[in-house]
Protein chains: 2
Amino acid sequence: MRDAYHEELDSIGDGLVEMARLVGSAIGRATTAILDADLKLAEHVIEGDQKVDQLQHDLEALAIALLARQQPVATDLRIVVTSLRMSADLERSGDLAQHVAKLARLRYPERAVPSDLHATILEMGQLAQRLMAKAAEVIITKDVDLALQLEQDDDEMDLLHRTLFQHLMDDRWKHGIETAVDVTLLGRYYERYADHAVSVAKRVVYLVTGEHADEIQPDVQPDIQAGVQAVPGTDA
Amino acid sequence: MRDAYHEELDSIGDGLVEMARLVGSAIGRATTAILDADLKLAEHVIEGDQKVDQLQHDLEALAIALLARQQPVATDLRIVVTSLRMSADLERSGDLAQHVAKLARLRYPERAVPSDLHATILEMGQLAQRLMAKAAEVIITKDVDLALQLEQDDDEMDLLHRTLFQHLMDDRWKHGIETAVDVTLLGRYYERYADHAVSVAKRVVYLVTGEHADEIQPDVQPDIQAGVQAVPGTDA
């Protein structure tokens, strides 16, 4: 049987998985809400973020109590400190899903996404949700190979983001400025969401291997623009 | 004389102040670079972010070593854990300054900001820098009143952000989609930068008072859009 101490450590892990599931579901629903102009679903995502915030609070309180009471060292200390960071990533992902939902609500009853971008946004939303599902699996299994896969999936998100910019910068863009602004922000939300999911997975790699898989979150938006506008298809 | 333990705690504080100074300078320089289309200055900011990342790494290593070795409890434990979060805020602020600089570099030799938005972007850049300078002062003085002031300053940033959106959504906008995308992203970078500065100050409030001054970072961009497009001047 596990002792109380390790049970607490486990429950931190459980909390992280629960957060990842909630924010994974949130980005899926938010994407549906914005594509279908579904106000009710959007409201649901917006309100649901409170639960994520509450989970983060509880998890932090638990982590700090555990640090104070159990004074973990070595691996256990790393687990607790890294969990704090992962919970921050997940909380932020929830915010980003909420932003997508808020945009859906703001434009209701109109659709924020023009029909020629529907497929791209759908793909970004699905990919974001898949990335978070994998991140949750990485938390559970501590599978380093799976964690490293997330970085490749993130390349796919960059490609989709690039596609979005290609549409925006196309001379034939006919949806006006407001939609351009909305699409720019949407692209940014999905891209950041994906970064946070990758970041969670990287932190698990750090826990398992003790090596930082490049701690700094990649955030390459301006370079994506460069890729589109300077030499298409190349990473500036 | 301070003992070695408290000297280490102090040096964490010093590291945070140093980070705040660097990212404060970075956002000032990045703003100049984008307004003047100054490639050299932009490059300087982009490269300078490595120093911020390095400081964050060092600071985290120090904090974790201190947790393991000294096993702080109560207030000291809170200081160390909160410092980890502040360093994450500051590192992210540095990234955002770097994004502004990258946009300057991407558009060089053109200017990314049209002349009728020059004053607004200048104000956003100056305000961001002031917010960070105050955040650094709050870290040093632990002045709760000053920390709460930052929230009011942040309202000013929201106003500027709203002004930016008003320009974008104005039917007379004549700068095309590419500039609209750039300005949308710039607005987001400054707004997020300000949020992180406010967040740093709030975390000091938590350290001093033990109370969360609302842990969740406000991030109200979609509502700012709503304010512009629905009923001007009201917060949706």
Only Cα pairs within less than 10 Å get springs; with that Gaussian network setup on chain B, which residue of B:Gly24, B:Gly15, B:Gly94 has the largest fluctuation? B:Gly15
If we hang a label 7 Å off Cα along the beta carbon direction at A:Asp170, how far is it from the matching labels on the other copies, in nm, shortest first? 3.0
Using a Gaussian network model of chain A with C-alpha springs under 10 Å, which one of A:Leu41, A:Leu150, A:Leu117 is most mobile by mean-square fluctuation? A:Leu117
So the FRET efficiency between A:Glu110 and A:Gln166, C-beta based with R0 = 35 Å and rounded to 0.05, is 0.90
Tell me, what HN-Hα J-couplings in whole Hz come from the Karplus equation 6.51 cos²θ - 1.76 cosθ + 1.60 at θ = phi - 60° for each residue of the range B:204-212, using x for Gly and Pro? 5, 4, 4, 4, 6, 9, x, 10, 6
The ³J(HN,Hα) series, computed from each phi in the range A:49-59 with the Karplus coefficients 6.51, -1.76 and 1.60 at θ = phi - 60°, rounded to the nearest Hz and given as x for glycine or proline, is 5, 4, 5, 5, 4, 5, 4, 4, 4, 4, 5
Over all directions, chain A yields a Cα convex hull whose mean projected area in nm² is 13.4 nm²
Who wins for biggest fluctuation among A:Val144, A:Val204, A:Val100 in a Gaussian network model of chain A, springs between alpha carbons below 10 Å? A:Val144
Unsatisfied cross-links (Cα-Cα over 25 Å) in the set A:Lys51/A:Lys134; B:Lys51/B:Lys102; A:Lys134/B:Lys102; A:Lys51/B:Lys202: A:Lys134/B:Lys102
Distances from A:Leu122 to the same residue in each other copy, label points 7 Å out along Cα→Cβ, in nm, shortest first? 4.8
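For the range A:1-94, run through the trypsin sites (Lys or Arg not before Pro) and keep only the ones in DSSP coil with at most 15 other Cβ atoms within 10 Å of their Cβ.
A:Arg2
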Between the label point of B:His57 and that of the same position in each other copy, find the distances and list them shortest first in nm, with every label point placed 7 Å from Cα along the Cα-to-C-beta direction. 3.7
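Quick note: the coordinates plus some simple rules give every number you see, no bench work behind them. A quick note: this is a predicted structure, and the numbers were derived from the prediction, not measured. Ideal geometry is used to build each Cβ from the backbone, glycine not excepted, and the neighbour counts take in all protein chains shown.
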